[in-house]
Amino acid sequence: MSTPNGFPQHSRVCVTRSMEGGAVQDLQAKKAGKAAKKEAGGNTAIPGESPQSGGTPVSETLKLLPEELKASMKSKSFTPRPPRKPRLERAASLDEKSWRRWRRFRTSQESLTDPNDTSSSNGSLQEASPSPPNRGRESPCHPCCQQNSLHSSPDASEASPVGKSRGGTSDLGKRASEISSAFGGLLRGKAFTGGKPRLSQIMPARPLPPMELNVASHTLRTANRIDSDCLDYPHYSQRKFGRVSSSLSDTRLHGNGVVCDNCSTDSMKSTFSGSTLLTPIRAKDVRSRSYLEGSLLASGALLGAEELSRYFPDRNVGIFVATWNMQGQKELPVNLDDFLLPTDPDYAQDIYVIGVQEGCPDRREWEIRLQETLGPHYVLLYSAAHGVLYMSVFIRRDLIWFCSEVEYATVTTRIVSQIKTKGALGISFTFFGTSFLFITSHFTSGDSKVNERKLDYNKTIQALTLPKNVPDTNPYRSCSSDVTTRFDEVFWFGDFNFRLNKDRETVDSILNQNPDTDVSRLLVYDQLTSEMSRGSIFKGFQEADIHFRPSYKFDIGKDSYDTTSKQRTPSYTDRVVFRSRYKDDIQAVKYSSCPVIRTSDHRPVFALFRVKVRPGRDNIPLAAGQFDRELYLIGIKRRITRELQKRREQKDQKSSSICSIS
């Protein structure tokens, strides 16, 4: 049974609020209600309908006030018997809606692939993500509601211009079968998957470039890890404090599919663990904060766990330790970059400790040269001397606040104490909660004087009176007769004068056969290695593997070993050994020499370490940021002057012309 306008009779009467054609739609609704009333037997009254036998004329409908329309909407509706068989127009309206969506999506997709079309299709792509029409879903209750839904819903409002261009909703009946068949074939295809459109896969026009196997980069070499020009630091952030600070461990680097060598990994760990930014301090913390009352884990402790994690999330600090017998030469090397800043690790270390035996006459000039080379990012924390034994400790300038007072002591091993060429010099301090001891020594010389060198060692560990005012971090593991047991981390370096127990010809033949790094055959004859294995010297100490040529004895200014009449045997006299209270706290990263410095008969020897640092208490005397300010200013001025002179020379070299006379 159908209504006179061609639409099927429905089970509910809808009262529309649309102002466009509202009178005609209201008349249709009332007529449909009367027909339903007659079919239901007249038992139910039509909402909003007076009990008259005749219908309401159009003129009365047009005269309805807005208040009457509102009152008619509040009236109760009834639910008569549902229709027997719905007609095709109802399904066609849903297909038409989905069809318009799909056509809009196809149009935008064609505009993407059309090279001549320059119009934007972003809006079409965002709108064109319809799900397939569900025919089991509840549809609007009446054809008039279907028409209103097309005008009121966002999708239909956007598609209404399309419908008008095709003749409006009156032409739906004519094209219903055509739309149903076309859209049915679309639904059976693969245009939609999961209710969302998918664009075709885009393949690269050319193969992607291969990844580099080594993450080390010479352009990233820098002495300061918090410079603004180092743009790679913001990629590593510490979640807890919301700052640019993190650490890269070997497992993280290799777990992410990055292949790198150990030196690159260690240098990255050193750098990114130290990169940090200052955080704002709350006013109440400034009022209540007292470093002297800080504890090990308190949030306000200067040396506590929070500050340590902020600067070193992995709690590892990089330390550079070097020794060099300068042979008392007045002439200093022109450039110390290869010595203090080797190119193997890309990044500089956190602490630099340089010990010198038979130092140059002008000790201040030597320290200025060190400051000039390390640059403005490092300051001289402390320096000491014992005769011609020098030691200088440089530290990154943002870490001086976490150091205790620096203490030093000396020991003379010669019988005539006025001649201070042989002996030992020790410097100690506490960094956060870890105590450090650095000792540089010059033992007795001579090929066969092994026992005298062992006596020098024993006298040093017994007579070196450290620490003095700074408390021991673990007094229960200390021994009064051995200074090396009273500190967490100990580094002992210098000219130990241990030789190779072999003649010159045999040593030369081994060096000529293995000119590069295979020196294992030489170490079999090394006196220090033999004595350490027996436990007669450097008890509890370790030494990294040696892969460099003997550092003694060279002709000055040349790479050849002693060519004088004495024909001294090349030997590993310059060494660096280390000891820790806790297992695996010290990891040796690099152990090598610097063959490019030829101003002495010894080559400088250096070692890079990764050292674990623990939080501490604020009950120790602090250095309070003290450093050698005068040396800092002189070194920086020289560095600037050198850079300006270098640029001027380069500019003059480019502008000058060379004339040749034949």
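The values are calculated or read from the model by the stated rules, or taken from the named source; none is laboratory data. On a predicted model such as this, the values are computed, not experimentally measured, just so you know. So basically every Cβ, Gly included, is an ideal-geometry build from the backbone, and we count neighbours across all protein chains shown. What goes into the accessible areas is simple: the full protein's heavy atoms, side chains included, and nothing from ligands, DNA or RNA. Shrake-Rupley method; radii C 1.70, N 1.55, O 1.52, S 1.80 Å.
Tell me, what is a quarter of the convex hull surface for the C-alpha atoms of the range 418-474, in nm² with one decimal? All intermediate terms of the calculation are to be shown ahead of the outcome.
On the way: hull surface 20.5 nm².
Value for the range 418-474: 5.1 nm².
HN-Hα J couplings of the range 531-540 from phi, Karplus 6.51/-1.76/1.60, θ = phi - 60°, integer Hz, Gly and Pro as x?
Result, rounded to whole Hz: 5, 5, 5, 7, x, 8, 8, 6, 5, x.
Could you give the distance between the Cα centres of the range 397-411 and the range 466-493, to the whole Å?
Each part reduced to its Cα centre gives a spacing of 15 Å.
Quick check on packing: order 310-318, 614-622 by the mean number of other C-beta atoms within 10 Å, highest mean leading. Intermediate results must be reported in sequence, preceding the final value.
Numbers: 310-318: 21.3, 614-622: 18.8.
Packing order, densest peptide first, comes out as 310-318, 614-622.
For a protection proxy built on the mean count of beta-carbon atoms within 10 angstrom, sort 388-400, 426-438, 323-335 highest first, please. Show your work: numbers first, answer last.
Details: 388-400: 21.8, 426-438: 24.7, 323-335: 17.5.
The densest-packed peptide leads the list: 426-438, 388-400, 323-335.
What figure, in Å² to the nearest 10, do you get for the accessible area of residue 343 with a 1.4 Å probe and non-protein molecules left out?
Accessible surface of residue 343 is approximately 80 Å².
Within the set 468/612; 539/566; 449/553; 420/539, which residue pairs have Cα atoms separated by over 28 Å? Spell out each step's value before the answer.
Numbers: 468/612 24 Å; 539/566 34 Å; 449/553 17 Å; 420/539 26 Å.
Checking Cα-Cα distances, 539/566 exceed 28 Å.
Taking the Cβ of residue 387 as the center, what net charge do the other residues with Cβ under 13 Å away carry, scoring Lys and Arg +1 and Asp and Glu -1? Display every interim value, and only then the final one.
Values: positive: 363, 414, 420, 422; negative: 358.
Within the 13 Å Cβ shell, the charges total +3.
Rounded to the nearest angstrom and ordered from largest down, what semi-axes does the equivalent ellipsoid of the range 570-662 get from its C-alpha gyration tensor (root of 5λ)?
Values: eigenvalues 373, 133, 33 Å².
They are 43, 26, 13 Å, listed from largest to smallest.
How far apart, in nanometres, would the label points at residue 344 and residue 556 be if each is projected 7 angstrom from Cα along the Cα-to-Cβ direction?
Spacing of the two 7 Å Cα→Cβ label points: 2.9 nm.
To one decimal place, what orientation-averaged projected area in nm² is obtained for the convex hull of the Cα set of the range 305-639? List each step's numbers first, then the result.
Values: hull surface 67.2 nm².
Average of the hull's projected areas for the range 305-639 equals 16.8 nm².
Can you tell me, using C-alpha contacts under 8 Å and at least 6 residues apart, the relative contact order of the range 305-639 as a whole percent? Spell out each step's value before the answer.
Numbers: 735 pairs, mean separation 81.0, N = 335.
Dividing the mean separation by the residue count of the range 305-639 yields 24 percent.
Would you work out which of 487, 320, 511 lies farthest towards the positive end of the dipole of the range 305-639, given +1 charges on the beta-carbon of Lys and Arg and -1 on that of Asp and Glu, about the Cα centre?
487
As an exercise, find the ratio Rg/Rh for the range 325-377 from alpha-carbon atoms, using the Kirkwood inverse-distance average for Rh. Kindly include the intermediate steps, with their values, before the conclusion.
Details: Rg = 11.8 Å, Rh = 12.2 Å.
Radius of gyration relative to Kirkwood radius: 0.97.
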